[in-house]
Amino acid sequence: MTHWYDKAVIYQIYPKSFQDSNGDGIGDLNGIRQRIPYLKELGINAVWLNPVFVSPQVDNGYDVSNYFAVDPHMGTMADMDNLIQDLHQAGIKVIMDFVLNHTSDQHPWFQDAIKNPNSIYRDYYIFAGKDNKRPNNWGSFFGGSVWEPDPAGTGQSYFHLFDKRMPDLNWKNPEVRHAMLEIAEYWLEKGIDGLRLDAFIHIAKADLRQNYPTADNSQKPVIAEGFFANLPQVQEWMRPFCEEIKKDYPDTLLLGEAASASVNLAVDYTSKRNHLMDSVITFRYFTEDDSKVDKSFSAQYQPKELDFTAFKQNQAIWQQTLAGISQPTLYWNNHDMARLATRVAHNQTQARSLAMLMYLQRGIPVIYYGEELGLKNLEFDNIDDFKDLTVQDFVKSAKAAGKSQAQAFKMVSQTHKLPARNPMPWTTEKNYGFSTHTPWLTGKKLDHADVADEMLDSQSMFNFYKKMLELKKTDLFEEGKYYLLATDKNSYVYQRDYQDQSALVAVNLSEKEIELSLPDAYHQADLAAGEYEIKENKLKLSPYAGVVLEK
Ligand code: GLC
Ligand code: CA
């Protein structure tokens, strides 16, 4: 059976940051609706919307207090219905972010659980321990312990992998599994086409009585991934959920966020015989080079170069291993990491050649809004802008090592997820045509990107992405076989073959000109970034350049 998502080109929209329609500085659903012609023009065929459910916005919508309604900042349910309808009319599928590992502490289930110790909702969450002692030393991704004292004063604690205002659901409880399926089906009934399953790899936890082993066995919180990521019960509990959805809505894309999944786990999660997901998003692609890290202070927010050799190995392994199993997702950035043009690319040419490298491989492109303009992270200048405990710790440690406050902020701006959630720059006007009001997120803009200018300039990043996506949508790049050519660390070269067609994608990863021997007589460039020259079977590429050649 073929599915729409076999040929998906996904555009990730952070709704708060895309377009404000009512002048409150916060992007919303009607704003997205206004921009459908832009999405059409770019050439994508699906959007993934970060969460739009009712939320106290502790984590920008990932803390849900009502799954059956749209957050008032985003609009109304009627706006959502209209958005789905208009996107469909434009031939664009809709993928919603589905937060299933936790809820907001303001969700009525949690509120009842803490108000009434005999509540049936008590067992919807994870309460453990006694005498106000933390059950173990596991650490939260957002800093500190995963345990927070039960506000009801029972002496127990409740479990939160993320912010303390985001308690984890107890997936051991069949009622929780049933409730989450009901929510998913409610939205599918509305006509959405896919779900991005947020943090699903964390729904199962090891025995809570165990400390995560550390050298000094202290109670200091440690990230205990091995105890709360990718446990076998994740598959056991997700399977009926995925099977039910596919039974009732067979053309639904199930896209799992599997940050720490290895390629072998990706096989387990996406292999057809396992009845789970269609594709997963791993964070394992981007191995960083730690050799230049300053050891005199915390490494967490120090900018690091991508280790291109490791990156190339990772890409080749994922491409090979998933061939015939499922489609890998192809992406360079998302709302949880710094932007491509800040984190990896040294200049515009490299941003382009890295985009062609990534997206012309086999798999589903997921383009993060603004990436197609060459947008960079904003630069913040106030610690409160980050609203993050881990940033406070980092700045403290950098200052103790003699760095100035400004130097520390610069580093955090280059590496943190929040400055990558910039308001979309539509024009050069005040507030970028994003809003008539000051945007919810402000900072210094470090690029010259804006939609209006780039659409008019045939040489712009936008028009480069557009051409690249046209190429991506051909059978050769959708369905062709991938294989990696043997080259040294300065280049990444692969071939795609489909029936009697074949193409070569060759990218110079270095800051020097390089020369490559071509395996065949290639000419005719379909797409290029930077300068190239072909003479006989030799290809010269200028620094960071990339080219797509056909026979
Ligand atoms: C996912 C989201 C991230 C969020 C977290 C908790 O990792 O991508 O933004 O903070 O889940 O929901
Ligand atoms: Ca608004």
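Using the structure shown, decide if residue 44 is touching a residue at least 60 places away in the same chain (Cβ under 8 Å), surrounded by 19 or more Cβ atoms within 10 Å (Cβ to Cβ) and away from ligand 1 (no atom under 16 Å from the Cβ).
For residue 44, the condition - touching a residue at least 60 places away in the same chain (Cβ under 8 Å), surrounded by 19 or more Cβ atoms within 10 Å (Cβ to Cβ) and away from ligand 1 (no atom under 16 Å from the Cβ) - is met.
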Conditions: (1) on the phi > 0 side of the Ramachandran plot; (2) aromatic (Phe, Trp, Tyr); (3) open to solvent by 50 Å² or more (accessible area, probe 1.4 Å). Residue 544 meets all but one. Number of the miss? (3)
Among the candidates 326, 298, residue that is at pLDDT 95 or above and open to solvent by 20 Å² or more (accessible area, probe 1.4 Å): 298
Just to be sure I understand the filter: pairs with C-beta atoms under 7 Å, separated by 6 or more residues or on different chains, first member in the stretch 296-312 and more than 17 Å from residue 339 (Cα to Cα), second member assigned to a helix (DSSP H, G or I) and open to solvent by 40 Å² or more (accessible area, probe 1.4 Å). Which pairs pass? 297/400; 298/393
Kindly indicate whether residue 118 is within 30 Å of residue 152 (Cα to Cα), open to solvent by 10 Å² or more (accessible area, probe 1.4 Å), away from ligand 2 (no atom under 16 Å from the Cβ) and free of Cβ contacts under 8 Å to residues at least 24 places away in the same chain. yes
Residue check for residue 201: open to solvent by less than 30 Å² (accessible area, probe 1.4 Å), under 23 Å from the mean Cα position of the chain (by Cα) and not polar (S, T, N, Q): yes
Could you tell me which residue of the stretch 504-541 is nearest to residue 359 (Cα to Cα), considering only residues that are surrounded by 16 or more Cβ atoms within 10 Å (Cβ to Cβ) and in contact (Cβ under 8 Å) with a residue 60 or more places away in the chain? 505
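Can you name every one of the strands (runs of 3 or more DSSP E) wholly within the stretch 467-527 that holds 1 or more residues which are touching a Gly at 6+ places or on another chain (Cβ under 8 Å)? Steps first, answer last, please.
Details: elements: 481-484, 491-498, 501-508, 514-517.
Qualifying strands (runs of 3 or more DSSP E): 491-498, 501-508.
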Would you list the helices (runs of 4 or more DSSP H) that sit entirely within the stretch 1-101 and hold 1 or more residues that are more than 16 Å from ligand 2 (Cβ to nearest atom) and of a type in the set (Lys, Arg)? 36-42
Please verify whether residue 467 is basic (Lys, Arg), surrounded by 18 or more Cβ atoms within 10 Å (Cβ to Cβ) and under 25 Å from the mean Cα position of the chain (by Cα), treating the condition exactly as stated. no
Taking the criterion of being more than 30 Å from residue 217 (Cα to Cα) and open to solvent by 60 Å² or more (accessible area, probe 1.4 Å), would at least one residue in the stretch 150-171 satisfy it? no
Which of the residues belonging to the stretch 139-157 are closer than 23 Å to residue 64 by Cβ and touching a residue at least 40 places away in the same chain (Cβ under 8 Å)? 140, 141, 142, 143, 144, 145, 146
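Residues are listed down the side, and each one gets a yes or a no for (1) more than 18 Å from residue 60 (Cβ to Cβ); (2) free of Cβ contacts under 8 Å to residues at least 40 places away in the same chain:
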{"residue": "368", "(1), (2)": "no, no"}
{"residue": "376", "(1), (2)": "yes, no"}
{"residue": "386", "(1), (2)": "no, yes"}
{"residue": "392", "(1), (2)": "yes, yes"}
{"residue": "401", "(1), (2)": "yes, no"}
{"residue": "410", "(1), (2)": "yes, yes"}
{"residue": "426", "(1), (2)": "yes, no"}
{"residue": "439", "(1), (2)": "no, no"}
{"residue": "451", "(1), (2)": "yes, no"}
Per the filter on the stretch 185-200, residues within 16 Å of ligand 1 (Cβ to nearest atom) and hydrophobic (A, V, I, L, M, F, W, C) are 195, 197, 199, 200
Could you tell me how many of the residues in the stretch 207-259 are touching a strand residue (DSSP E or B) at 6+ places or on another chain (Cβ under 6 Å), in a loop (DSSP other than H, G, I, E, B) and among the small types (Gly, Ala, Ser)? 2
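The values are calculated or read from the model by the stated rules, or taken from the named source; none is laboratory data. Note that the structure is predicted; figures quoted are calculated from it, not measured. Cβ atoms come from the backbone with ideal geometry, glycine included; neighbour counts cover every protein chain shown. All accessible areas refer to the heavy atoms of the entire protein, side chains included, with ligands and DNA or RNA removed. Shrake-Rupley method; radii C 1.70, N 1.55, O 1.52, S 1.80 Å.
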